[in-house]
Amino acid sequence: MTSEGAMRILVVTQYFPPETAPIPADLARGLAERGHTVRVLTGFPNYPAGRIFPGYRQRWRHRENIDGVVVHRVPLFADHSQSAVKRMLNYASFALSSATARRLSRGADVIYVYATQMTAGFGPWLWRVTGGRPYVLHVQDLWPDSIIGSSMMAGGPKERVVSGALGPWLRSAYRRAGAVIGIAPTMVSTLVSRGVPAERAHLVYNWADAGAPVPSVLPAAEEPRAEVLYAGNVGDMQDLETAVRAAHAAADSGVALTIVGDGVAKPELQALAAELGADNVRFGDPVPRERMPDLYARADYALVSLKDIPVFRGTIPSKLQAVLAAGVPVITTVQGDVRALVDDAEVGLTADAESVDGLADAFRTAAALPPSERVGMARRGRELYDTRFSRESGISMIEQLLSAAAKGTR
């Protein structure tokens, strides 16, 4: 560390712009703005389509500058399909490829790992085992739960093999980390139960860009209606088949559902909507992050949905923070911490996961609510974001954890 306390930080993340990866991108820029020297180690952009982005060609090493941050890219097996083998090759290839870039870590005081997949932490863990720099894990999805619970794993031997192979390494990665960050209260307690020392387990909520101020009043609708927006990854875990069926069932109440984004499940959902004759379900292409406020401004509600898998009960997807920041009431099927948060703060409507009838009822209720109640939900949501989910508070907390981890080696 420098004499004035500024750190040299290496950010390791499989995803980084031009991919949609707001957390590591915001953190890298935010830490650099605070006077730290930040470098990023990432893969070649291919998410969510599983194809290398135009303008990039994979090679052993690539260096570029994005928003004043030096970004180093290493090759990987590009894939985001439903194939368990190909998806694991995608994760493992980045883990091994990034691990060969140890020289980047030698000039760092501390390493931050954005662990959407825990395999992103393989290199920092290996370097630490062999005397390298301390690292901080920012866990976004609990492993192996999130992969063995997905449609890629049909149960049986594959689950046992994956759990048996990953379990010992995960426990070691947790123990050796200078700090482990969870994104929801239940996730933090689960991490402690799996070997993270309690004094090194920390809660930092994900954040989103703050949107425009919430209007104090909405025009009265001539008839019940609800424009519901889903924006994000259109994958198999987002439970959007339930959403399409529920929107179709509630069409007579004035509900319209717009799904904006891309992913492996999108063609099947489009086929389902056509088969049902769901004229109130529309699909849009992914949009740049800077255009999201315009989409939210045209929506009455925003959908945050996930399948009913135990691991999701202890997570808070960053989409929720984006919705709260935009001042849009929430409709969610995510159980556990998210449902409790939405209900307790009265910022939206909730329904059981994977329940067409339950979500259809929520859609009907949403359409029938008067504008004054919608504004109240939106205002409470924005207040919740400002007090608990803001970008500045999140970056500040992570900065403190990185500083403590860096000093812990000296």
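Please treat every number below as a calculation from the coordinates, not as lab data. If you're wondering where the values come from, they're calculated on a predicted model, not measured in any experiment. So basically every Cβ, Gly included, is an ideal-geometry build from the backbone, and we count neighbours across all protein chains shown.
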query: On full extension of the chain, what length is gained from residue 387 through residue 171, given 0.36 nm per residue of separation minus the C-alpha to C-alpha distance?
result: 74.4 nm
message: Can you tally the lysine pairs in the chain where the Cα-Cα distance is under 29 Å and the two residues are eight or more apart, or on different chains?
response: 9
message: Given Cα positions, please report Rg to Rh for the chain, the hydrodynamic radius being the Kirkwood one.
response: 0.97
- request: Would you please classify the overall shape of the stretch 226-388 from the alpha carbon gyration tensor, given that a ≥ b ≥ c denote the square roots of the eigenvalues, rounded means a/c under 1.5, and beyond that prolate means a/b larger than b/c while oblate covers the rest?
  value: rounded
- prompt: Sorting 390, 305 on the 10 Å Cβ count, fewest up front, what's the list?
  reply: 390, 305
task: Once you have a ≥ b ≥ c as the square roots of the Cα gyration tensor eigenvalues for the stretch 273-360, tell me rounded if a/c is under 1.5, and otherwise prolate or oblate according to whether a/b is larger than b/c.
output: oblate
query: Quick one: 67, 239, 145, fewest Cβ neighbours within 10 Å first, how do they rank?
result: 67, 145, 239
message: Which one, 130, 297, 46, projects farthest toward the positive side of the charge dipole computed for the chain from Cβ point charges (K/R +1, D/E -1)?
response: 130
- request: Within the stretch 4-109, report the chymotrypsin sites (Phe, Trp or Tyr not before Pro) that DSSP leaves as loop and that have at most 11 other Cβ atoms within 10 Å.
  value: 60
query: To the nearest 500 deg cm²/dmol, what mean residue ellipticity at 222 nm is calculated for the chain from DSSP H runs of n ≥ 4 alone, each contributing -39,500 (n - 2.57), summed and divided by the residues?
result: -12500 deg cm²/dmol
- line: In terms of the alpha carbon gyration tensor, root eigenvalues a ≥ b ≥ c, rounded if a/c is under 1.5 and otherwise prolate when a/b exceeds b/c or oblate, the stretch 51-132 is oblate
task: Rounded to the nearest Å, what's the spacing between the alpha carbon centres of the stretch 24-47 and the stretch 354-379? Just the number, please.
output: 38
